[in-house]
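Worksheet: one structure, shown below.
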Amino acid sequence: MAFKFVFAFALVAVASAGYAPIAQVYQQAPVALHAAPVAVAQKVIVKSEEYDPHPQYKFSYGVDDKLTGDSKSQVEERDGDVVRGEYSLIDADGYKRTVQYTADPHNGFNAVVHREPLVKAVAVAPVAHYSAPTVVKTVAPVAHYSAPAPVAHYAAPAVAYHH
């Protein structure tokens, strides 16, 4: 297959140079032949960013959308290879999840997760003028069922009483 391409390009080159009388062979219509564009290798210069051996940054963001109920936040900072941060969000079950994390080359990634309900339980004080009667709930003992013993089917003897 490669030979066919080489032969075709060689034929085009010979015809372009004027060594082959292509126009005389095909007298019906003049044929214009052009050489294929030649790819020229260009030197590509890639600018590389400077390597920071001790990167440092701090960022934070927060969302508190009352319409959709979306509430989340994050804070993170980095000093060299040590990263510290915290993020929080509202889980689908109504608890707020807060994750505090650290990462360093010696200890790896560590996270501590805290969960707390958004709605606090409210204790109701009893009313002084009325006291509810004491209700004691008892549970009846559970009777365990066992299959009845088989009954023998036979005729009982006849008993006669005399007075």
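Other residues within the sphere of radius under 12 Å centred on the Cβ of Arg78, judged by their own Cβ, net out at -4 (K and R +1, D and E -1).
At 1.4 Å probe radius, can you tell me the per residue accessible area of segment 44-97 in Å²?
Details: 4570 Å² over 54 residues.
Computed with neighbouring chains in place, this is 85 Å² per residue.
The values are calculated or read from the model by the stated rules, or taken from the named source; none is laboratory data. Keep in mind that this is a model prediction, so the values were computed, not measured. FYI the Cβ positions are ideal-geometry reconstructions off the backbone, even for glycines, and counts take in every protein chain you see. Ligands, DNA and RNA are stripped out before the accessible areas are found, and what is left, the full protein with its side chains, is counted by its heavy atoms. Shrake-Rupley method; radii C 1.70, N 1.55, O 1.52, S 1.80 Å.
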